[in-house]
1. Of all residues being small (Gly, Ala, Ser) and out of contact with any Pro (no Cβ under 9 Å at 6 or more places or on another chain) in segment 62-97, which is nearest to Ser131 (Cα to Cα)? Just the residue, please.
2. Are any of the residues in segment 47-63 surrounded by fewer than 11 Cβ atoms within 10 Å (Cβ to Cβ) and farther than 25 Å from Gly151 by Cβ?
3. Hey, could you check segment 117-137 for residues that are in contact with a Gly (Cβ under 9 Å, 6 or more places away or on another chain) and closer than 13 Å to Phe67 by Cα and say which is surrounded by the most Cβ atoms within 10 Å (Cβ to Cβ)?
4. Taking segment 132-155 as the region of interest, how many residues are within 16 Å of Phe58 (Cβ to Cβ) and in a helix (DSSP H, G or I)?
5. Considering segment 35-45 alone, what residues qualify as being surrounded by 19 or more Cβ atoms within 10 Å (Cβ to Cβ) and either part of a helix (DSSP H, G or I) or of a type in the set (A, V, I, L, M) (or both)?
6. Of the conditions (1) on the phi > 0 side of the Ramachandran plot; (2) within 13 Å of the chain's Cα centre (by Cα), Asn73 fails just one. Which one is it?
7. Could you please find all residues in segment 107-116 being over 21 Å from Leu59 (Cα atoms) and surrounded by fewer than 18 Cβ atoms within 10 Å (Cβ to Cβ)?
8. If I ask for residues that are touching a helix residue (DSSP H, G or I) at 6+ places or on another chain (Cβ under 7 Å), in contact (Cβ under 8 Å) with a residue 60 or more places away in the chain and not in a helix (DSSP H, G or I), which ones from segment 46-70 would you list?
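Please treat every number below as a calculation from the coordinates, not as lab data. A quick note: this is a predicted structure, and the numbers were derived from the prediction, not measured. A quick note on method: Cβ atoms are made from the backbone with ideal geometry, for glycine too, and the neighbour counts reach across all protein chains shown.
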Amino acid sequence: MNKKEHDEWIKEFNEFCDDSSSNIVVPSHLFEKIRNELFPNPWKVFSKIAIIHGVVGFLSLGICNQFGLNPFNTIYSLSDYFMKTAGHNFCMLACGVLFISTTYLFSNIFLTLEEVESVRKYEWLQLGVLSLASLASFYFFGAELVGTFVGLWLLGAVIGGVLSIELSFKIRQQMVQVTYK
């Protein structure tokens, strides 16, 4: 940079620094909107997850019947494969993993990174409520719940939930990094 360009750059920089930004009034609703986007309400995020879970959970029953529920009257089910492969206990564990993890992986399409972070922040509460609400729904629709199998299903749901939440978070981080490169 020669002397003339340097002097011009310094002049423009000084003008920029001298420009008073105190004359600009930013409406407070903009700050509120930014705050809400950066720190989403956990109840709103959970509401989104619950709606997604209702749809995805219902559809997942078509490929893996849980506690004998088969809303689509499908002939084949992953639960049959799981039972033949490793028995009923493994089936309950695997079905719990599948049922909850599909929700969190699919929700990654609809949630922002900040919302995924919110899910991650409250993951134990959300997993607990979602899993117990799922079991209550199964019972409501006529499924026979047996203690040991419910325990294994809940264990699978927790394992699947934690792993899928972490995977969703990593995927979203990678997507943001790729977008801003």
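1. Among residues in segment 62-97 that are small (Gly, Ala, Ser) and out of contact with any Pro (no Cβ under 9 Å at 6 or more places or on another chain), the one nearest to Ser131 (Cα to Cα) is Gly96.
2. no
3. Across segment 117-137, the extreme among qualifying residues is Ser134.
4. Count: 8.
5. Val45
6. The single condition Asn73 does not satisfy is (2).
7. Of everything in segment 107-116, those that are over 21 Å from Leu59 (Cα atoms) and surrounded by fewer than 18 Cβ atoms within 10 Å (Cβ to Cβ) turn out to be Thr112, Leu113, Glu114.
8. If the condition is that a residue be touching a helix residue (DSSP H, G or I) at 6+ places or on another chain (Cβ under 7 Å), in contact (Cβ under 8 Å) with a residue 60 or more places away in the chain and not in a helix (DSSP H, G or I), then Gln66, Phe67, Leu69 are the ones that fit.
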